[in-house]
1. Can you tell me which of A:Pro50, A:Pro99 is in contact with a strand residue (DSSP E or B) (Cβ under 9 Å, 6 or more places away or on another chain), under 27 Å from B:Val195 (Cα atoms) and open to solvent by less than 40 Å² (accessible area, probe 1.4 Å)?
2. Given the range B:11-130, what strands (runs of 3 or more DSSP E) lie entirely inside it while holding 1 or more residues that are surrounded by 23 or more Cβ atoms within 10 Å (Cβ to Cβ) and within 14 Å of chain A (Cβ to nearest Cβ)?
3. Among the residues of the range A:281-305, write down those that are within 22 Å of A:Leu52 (Cα to Cα), open to solvent by 40 Å² or more (accessible area, probe 1.4 Å), among the aliphatic types (A, V, I, L, M) and touching a residue at least 60 places away in the same chain (Cβ under 8 Å).
4. I'd like to check something: does the range A:28-40 contain any residue that is touching a Phe, Trp or Tyr at 6+ places or on another chain (Cβ under 8 Å), closer than 27 Å to B:Tyr321 by Cβ, assigned by TED's automatic domain parsing to the domain that holds A:Ile183 and not in a helix (DSSP H, G or I)?
5. Taking the range B:432-481 as the search range and keeping residues that are open to solvent by less than 10 Å² (accessible area, probe 1.4 Å) and assigned to a loop (DSSP other than H, G, I, E, B), which one is farthest from B:Arg197 (Cα to Cα)?
6. For the range A:159-182, does any single residue satisfy the condition of being within 14 Å of chain B (Cβ to nearest Cβ) and either within 29 Å of A:Leu321 (Cα to Cα) or open to solvent by less than 10 Å² (accessible area, probe 1.4 Å) (or both)?
7. Restricting the search to the range A:58-79, which residues are open to solvent by less than 10 Å² (accessible area, probe 1.4 Å) and not in a loop (DSSP other than H, G, I, E, B)?
8. Scan the range A:226-278 residue by residue and report those that are among the β-branched types (Val, Ile, Thr) and either without any contact (Cβ under 8 Å) to a residue 40 or more places away in the chain or not in a strand (DSSP E or B) (or both).
Amino acid sequence: MMQWETVIGLEVHVQLATRSKIFSGASTAFGAEPNSQACAVDLGLPGVLPVLNESAVAMAVQFGLGIDAEIPEVSIFDRKNYFYPDLPKGYQTSQMYHPIVGPGEVEITLDDGDTKRIRVHHAHLEEDAGKSLHEDFHGMTGVDLNRAGTPLLEIVSEPDMRSAKEAAAYLKAIHSIVTYLGISDGNMAEGSMRCDVNVSVRPKGQEAFGTRAEIKNVNSFRFVERAIAFEVERQIELLEDGGKVVQETRLYDPDADETRSMRTKEEANDYRYFPCPDLLPVVLDDAYVDHLRSSLPELPAEKRARFQSELGLSAYDAGVLSATRAMADFFEGVKDVCGDAKLAANWVQGEFAGRLNKEGLEIASSPVSATQLGELVARVKDETINGKAAKQVFAALWDGEGDSADAIIEARGLKQVTDSGAIEAMIDQVIADSPVQVAQYRDAEPDKRGKMIGYFVGQVMKASRGTANPQQVNGLLKEKLDALC
Amino acid sequence: MHDMTLTELARALEAGEFTSRQLTESLLERIKRLDGELNSFISVTAEQALAAADAADAARARGEAGPLTGLPLALKDIFCTEGVRTSCGSKMLDNFIAPYDANVVEKLKTAGTVSLGKTNMDEFAMGSSNENSYYGPVKNPWDLSAVPGGSSGGSAAAVAAGLVPAALGTDTGGSIRQPAAFCGITGLKPTYGRVSRYGMVAYASSLDQAGPMARTAEDCALLLSAIAGHDLRDSTSVARGVPDYCAELGASLSGLKIGLPKEYFGDGLDPAVESAIREAVKVYESLGATVQEVSLPHTHHAIPAYYVIAPAEASSNLSRYDGVRFGHRCDAPHDLEDLYKRSRAEGFGDEVKRRILIGTHTLSEGFFDAYYKKAQQVRRLIRQDFMDAFEEVDVLMGPSTPTPAFDLGANKDPVSMYLQDIYTIAINLAGIPGISVPAGAVDGRPVGLQILGPHFAESQLLNVAHQFQQVTDWHQQRPAFGKENA
C-alpha cells in the first residue's frame with residue numbers, strides 16, 4: 001500500500017477592524033440594514049474615485065511586523081477584473097504583484113506541544129465584495145453592498161502544512177496574532193476571518209507537488225479540518241483507483257460534510273490584472289514602519305514564553321492562557337489582583353472557562369470581570385474562604401448578587417471559621433447527634449476508619465454552612481473520635 | 001453679448017450693463033434658436049441656469065460677487081451634475097441622473113457661475129469627430145458639413161457659435177485641443193493631476209484631465225484658476241498651490257526659447273496647416289522669442305502606445321455599466337449572463353465596444369507583457385523625450401492637428417480616425433500641459449497652434465498664448481453661423 005503525504009497551503013482573509021472602508025468613508029459596522037452603508041464610491045457610480053484608508057495600511061504593516069515579515073518600501077494596488085452582481089465596479093482592487101507585506105513566518109503549536117514554523121509567502125490588502133442574497137426575492141437575487149469595500153488582508157502561506165491539524169493550528173495562530181494586534185475582531189461567524197484551502201497529496205518521499213484543489217471560503221476552524229480530511233481522502237481514493245486529480249476550485253458543504261467541484265481551471269476567469277490608475281503606489285518610509293514596530297503589543301509566542309519563564313506556568317497552561325488576547329488579558333488581570341499566577345491560572349481555566357463554555361459566552365460578555373475574579377481568588381489565597389465557599393461566591397458574582405467577592409462573603413457569612421473552639425463545639429454536637437455512626441466508627445478496623453471520617457466532616461461542614469476550615473475540621477474530628485475508641 | 005469673452009462679460013456685469021439673468025436669457029434663446037442645427041447640447045438646464053443667474057445677481061447686489069459670479073458656461077456631459085442627467089454621450093447613461101456634483105462642478109457653482117447645460121460629446125469621450133455620440137453628431141459652426149472634432153466637440157462648437165462664452169472639456173488624447181483647433185477657439189489641457197477627476201466619468205484614468213475651452217487664453221486662465229487644485233477625493237490630484245493664472249499674463253516673451261519638434265512637421269501634415277503654423281511662429285520671433293528645431297524621437301510610438309493603454313483602462317473602467325445598479329438594462333433578461341450581454345450590447349456604441357475589446361485583449365493572460373507592459377515602457381520613453389526637450393527650450397510649438405476639420409463621415413476607418421490625434425496624444429502620455437490657440441484658417445476652417453510646456457507650466461503656456469492673442473486676431477474671428485444680422 002502506498003503511503004501518501006498531504007500538502008496544504010492556506011489563504012486567510014482577515015477583515016480589518018477599521019471604522020471606515022478601505023477606499024471610502026462609509027462605515028464598516030456589521031449587521032446594518034442592507035445598502036445603508038454603501039456610499040457613491042462603494043456603489044461604483046460613474047466618476048467616483050477610491051482614496052486609500054491609512055489605518056488599513058497601518059494594520060497590514062502591523063501584521064507584517066507581527067510575523068517578522070519584510071515590509072517592502074513600495075506596494076501597488078491592482079485591479080482584478082470580473083463581472084459579478086455584488087462586485088459594483090466590475091473589478092476588485094487588490095495587490096497582485098507588489099503586496100504590502102513580504103515573506104514572514106508563523107509559529108504553530110501542535111497537540112503534542114511541538115512547534116513548527118509555517119512560512120507566509122506574502123499578505124496583501126484588498127477590498128471585499130458585497131453579498132448576493134438569494135432568499136426572499138422570489139427567484140430573483142438581491143444585492144447588499146454594505147460589505148463592499150470592507151478592507152481585507154489576505155495572508156497567503158507557503159504549502160508548508162502536512163495535516164488538517166497543522167492547518168487548523170496555523171489558522172488559530174493567525175487568529176491569535178490578528179486579535180492580539182487588535183487589527184481584526186476575528187469573528188469567524190460574522191465572516192471576519194475566512195479561508196481558502198489548497199490541498200494536494202503526493203506519494204511519501206516524492207518531491208514534486210501533486211495537483212491541488214482549492215477549497216473556497218471555509219469559515220470555521222472545525223470546517224477547515226473536516227474539509228481537508230474529506231478532500232485528502234477523495235484525492236487518495238481517486239489516485240489509487242488510477243484516476244487523476246484535476247486542478248479546480250471546490251466548495252465545502254458543512255451539512256453534507258463534503259467538497260464539491262465549483263469550476264475547473266479551464267473555466268477559471270482571466271482576471272486581467274493591471275495596476276489601478278486611480279491609486280498611487282503606497283510608499284512606506286522607515287520612520288513610519290519603525291513607529292508601528294515600536295508600538296506593537298506583546299504577541300502570543302512571546303506571551304506564552306513569558307508565562308512559562310516568569311510566572312512558572314506549565315507549557316500547557318501558558319498555551320491555553322495566551323491563545324487569545326482576551327484570554328491573556330483576563331488572566332493577567334486576575335493574576336495582578338490576586339498576586340498568585342498559579343491560582344489565577346487554575347481559576348481562569350477551571351471555574352471561569354467552564355462557566356463561559358456552559359453559557360456559550362465570549363470573555364468580552366462575561367458578567368464577572370477580571371478584577372472581581374481576582375478579588376475572589378485573593379480571598380482563597382489568604383484563606384478567608386475555602387474552595388467550596390469560593391465556588392458559591394463565584395456563582396453569586398456571575399448571577400450579579402453582589403459587586404465584589406467581599407460583599408458576597410459578608411452577606412452570606414461565608415467567612416471561613418478557623419476558631420477551633422467554635423469548630424470543636426460543632427464537632428461535639430455532630431458526635432452527639434450521630435450515635436449510630438459513632439458506634440460503627442468505633443467497631444471498625446482502624447485502617448477503615450479514615451474513610452468513615454468523611455461522614456462526620458460533611459456533617460460539620462454542613463453545620464458551619466461550609467465556612468469551617470476543612471483541614472481544621474479533619475484534624476479535630478480525628479482527635480475527638482479516636483478519643484472515643 | 002454672445003460675442004464677448006468671459007473677461008469682457010465679467011466687466012460688463014460688474015459695470016451693471018446687464019444682469020446675469022438678462023445674459024442667461026439671451027444665451028438660452030440663442031441655444032433654442034440655433035442648437036437644433038448644431039446639436040452641441042445634450043441637455044439644456046434652463047430652469048437651473050435662471051435660478052443660478054438670479055442668485056448671482058443677488059450676490060452682486062449684496063456686494064459679494066467674485067470674478068466668475070454670474071458668468072454663463074457649459075459643461076461637457078462627462079461631468080456629474082447633481083439632479084441632472086449625465087449621459088457621457090451614451091445610451092448606457094441616457095437614464096442616469098447623477099446624485100452628486102463633480103469636484104469641478106462644485107467649484108464652478110461655488111464661484112457663482114451659471115451652467116446653461118451639458119454639451120454633446122463622443123460616447124465615453126472616445127472619438128475625434130463627435131460622430132460617436134448616442135445623441136447624434138455635432139456640426140462645426142464654421143462649416144456645417146465639417147465635424148467639430150472630439151471628443152469635446154459639443155463644448156467647442158457651442159463656444160465657437162456664441163452659444164456660451166466658455167465650456168469645460170476633458171482631454172484624454174487631444175479631446176480638448178483638437179476640437180478647439182477645429183472650431184477656432186482656445187483650449188487648455190492642464191498637467192495630469194492639476195484638476196481633480198472626481199465626478200468626471202472615467203475613460204482612461206491615467207490620461208483623463210479636465211480643462212477650459214474658451215475664446216481667449218485669458219478666459220482659460222480665469223477658468224483654470226477656479227477649477228484647479230488638490231482634491232482629497234482624487235488621489236492622483238497633486239497637492240500644489242494654485243497660482244492666479246490671470247495675474248501672470250503679461251510677461252514679455254523676449255528670450256523665450258521655442259522648440260519645433262521636427263516629428264510634428266513631417267509626412268501627413270497638410271501644407272496649408274504647416275504654413276499657418278510657421279507664420280504663427282514668426283509672430284513669436286517678432287515678439288523676441290528664439291526658435292530652434294528639437295526632436296521627440298519616440299513620437300511615432302505614441303498612437304500605438306495610447307491605443308493599448310487607454311483601451312486597457314477603459315475596458316476596466318466601463319465594467320461597472322452592467323445593467324445591475326444604474327444605466328441601461330435590457331428588457332426581461334432571462335439570466336445574469338443575458339442581463340450583462342444584452343445590456344452592454346444595447347447600451348454601448350461601436351467605438352466603445354471596439355475599445356473595450358482591444359483593452360480586454362491586451363490585458364489578457366499571455367498578452368499583457370507584449371502589449372500593456374511594453375506600452376508603459378514606451379510611455380516612459382515618450383515622457384523622457386519631452387523632459388529632454390525642455391532641457392533645451394521653454395515651450396514646444398506645432399500644429400494641433402494634421403489637417404483642419406474634416407467632413408462629417410469622411411473618416412470611416414477607425415485607424416485613420418486614430419491618426420488624427422498624432423500631435424496631441426503623446427502629451428497625455430507624458431502628463432504635460434498643452435494649449436491650442438487659433439492661428440489661421442484653410443478654406444474657412446480654423447487651424448490650431450499647439451503650445452506645450454513642462455509639468456505645471458500652465459502659467460507660462462497661458463501667457464505665451466495670451467501674448468500671441470495680443471498681436472493677432474484669429475481668436476476674434478467668428479463663423480457666419482448664428483451671426484445676428486446674417
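1. Just a single option satisfies the conditions, and that option is A:Pro50.
2. Per the criteria, B:72-76, B:114-119.
3. Within the range A:281-305, just A:Val283 meets the criteria.
4. No.
5. Only one residue tops the list, namely B:Pro479.
6. no
7. Once the filter is applied, which keeps residues that are open to solvent by less than 10 Å² (accessible area, probe 1.4 Å) and not in a loop (DSSP other than H, G, I, E, B), the range A:58-79 yields A:Ala60, A:Val61, A:Phe63, A:Gly64, A:Ser75, A:Phe77, A:Asp78, A:Arg79.
8. Within the range A:226-278, A:Ile228, A:Val232, A:Ile236, A:Val245, A:Val246, A:Thr249, A:Thr264 meet the criteria.
The values are calculated or read from the model by the stated rules, or taken from the named source; none is laboratory data. All of these numbers come straight from a predicted model, not from anything done at the bench. Virtual Cβ from ideal backbone geometry, glycine too; neighbours counted across all protein chains shown. We work out accessible area using only protein heavy atoms, side chains counted, and drop any ligands, DNA or RNA first. Shrake-Rupley method; radii C 1.70, N 1.55, O 1.52, S 1.80 Å.
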